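First comes the structure, then the notes that go with it.
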Amino acid sequence: MMTQALGFFTPWIIYLLITLLHYFLPGRWVTGYVRDAETGDLLRYRLNGRLVLIACIILWFMTGYMGWAPYDWLYTIRWYSLAGAFVFGLVFSFWIVLPYPSTGKSLLLDLFLGRLENPQFKKGRIDAKMWLYLIGAVMLELNILSFVSHHHITFGTVSPGLALCAAMLTYFIFDYLSFEKVHLYTYDFFAERVGIKLGWGCLTFYPYFYLIVIWATVDLPDPNTPIWVLICYALLFLLGWTLARGANMQKYFFKTSPHRVFLGIKPETISDGNKTLLVNGFWGLSRHINYLGEILMGTAIALSVGFPEVLWVWLYPLYYVALLLPRQIDDDKRCASKYGDLWQEYTKRVKYKVIPYLY
């Protein structure tokens, strides 16, 4: 019973620790893309995600090294931990939605999609969206380390495929927290509110579902996947990362320095005299080429563990398809409304929505 209770509250304790580290560790203030709904000023953010992540990894290692808790503790209490994160995510979501004025939609829609667009606390020192992504990313990494530790304890070694999977997920996490400023210019920040979708999604879904490939195969022995096949999976992951990161970076530089050359790509644009759209480079391949990149990364991660017959691993890339294709449709509608005839001109120039020459 004690293990169950401690397991349930473990994510609560970790989330508090991450929050304190985020608040007290050094950070840099940056100006974002989204404007304050009341003042019209660009919002400012205090960012230190990568530093918080490194500090938590060190603390995880020291906890195991000193014998305070086994390295695979998060694996041992995984179901209780998931239950605790589930409840915490709901509590946060209700807290961030219910006290605030309705958007005019139903209560259920307000709960799911949220009411506040970009809530910040402690004079902007904690931004809700950046805090949520930080919590999810760090907890995911700690789960990865714990599950891989369990695999090593069980088999005396770590299979190359599982190691590659863990490395790709870790790279994904470090990459995101290294480019926090760039993500201030993405869809989540200018088009979404904070409710169950984002709150529960980051506090519960992100750190546990993104683990599903490892979770489903961690107790299986080494499938002896040939090294050359693992290299192919790694290259597929890097291709996806190049498309996703390259597209986001090109858009970021275009919005902050419109004439800056990125990776040898000189910006080519169309304009109606008021608004301007980028039509070359990554954004000339398809209108949402970054979405394709994320789906390719998810596919590489699912393949890497070497158990394609385990259906659970395919939930990871399928989740990206289910998430991003509806988002593509919504984003296209939003852009058509925002840019009008200019968007129609853009769609004639860039015909494909996500996958060049296919869709």
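The values are calculated or read from the model by the stated rules, or taken from the named source; none is laboratory data. Not measured: the values here are computed from a predicted model. Note: ideal-geometry Cβ built from the backbone for every residue, glycine included; neighbour counts use all protein chains shown. Ligands, DNA and RNA are excluded from the accessible area calculation, which covers all protein heavy atoms including side chains. Shrake-Rupley method; radii C 1.70, N 1.55, O 1.52, S 1.80 Å.
Just a few scattered comments:
- Given (1) buried (at least 17 other Cβ atoms within 10 Å of the Cβ); (2) modelled with pLDDT of 85 or more; (3) of a type outside the set (Val, Ile, Thr), index of the condition Ala322 fails: (1)
- Conditions (1) surrounded by 19 or more Cβ atoms within 10 Å (Cβ to Cβ); (2) in a helix (DSSP H, G or I); number of the one not met by Ala167: (1)
Residue by residue, here is whether (1) touching a strand residue (DSSP E or B) at 6+ places or on another chain (Cβ under 9 Å); (2) in contact (Cβ under 8 Å) with a residue 24 or more places away in the chain; (3) of a type in the set (Val, Ile, Thr); (4) farther than 30 Å from Ser159 by Cβ holds:
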residue	(1), (2), (3), (4)
Ile214	no, yes, yes, no
Pro223	no, yes, no, no
Gln250	yes, yes, no, yes
Arg260	no, no, no, yes
Gly264	no, no, no, yes
Phe282	yes, yes, no, yes
Ser304	no, yes, no, no
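- Residue within segment 93-115 that is open to solvent by less than 50 Å² (accessible area, probe 1.4 Å), under 22 Å from Glu141 (Cβ atoms) and not small (Gly, Ala, Ser) present: no
- Verdict on Gln328 being over 20 Å from Asp175 (Cα atoms) and open to solvent by less than 20 Å² (accessible area, probe 1.4 Å): yes
- Among the residues making up segment 65-87, those that are of a type in the set (Gly, Ala, Ser) and buried (at least 17 other Cβ atoms within 10 Å of the Cβ) are Ser81, Gly84, Ala85.
- Single residue of Leu243, Leu203 found to be open to solvent by less than 50 Å² (accessible area, probe 1.4 Å), among the hydrophobic types (A, V, I, L, M, F, W, C), within 30 Å of Asp127 (Cβ to Cβ) and modelled with pLDDT of 95 or more: Leu203
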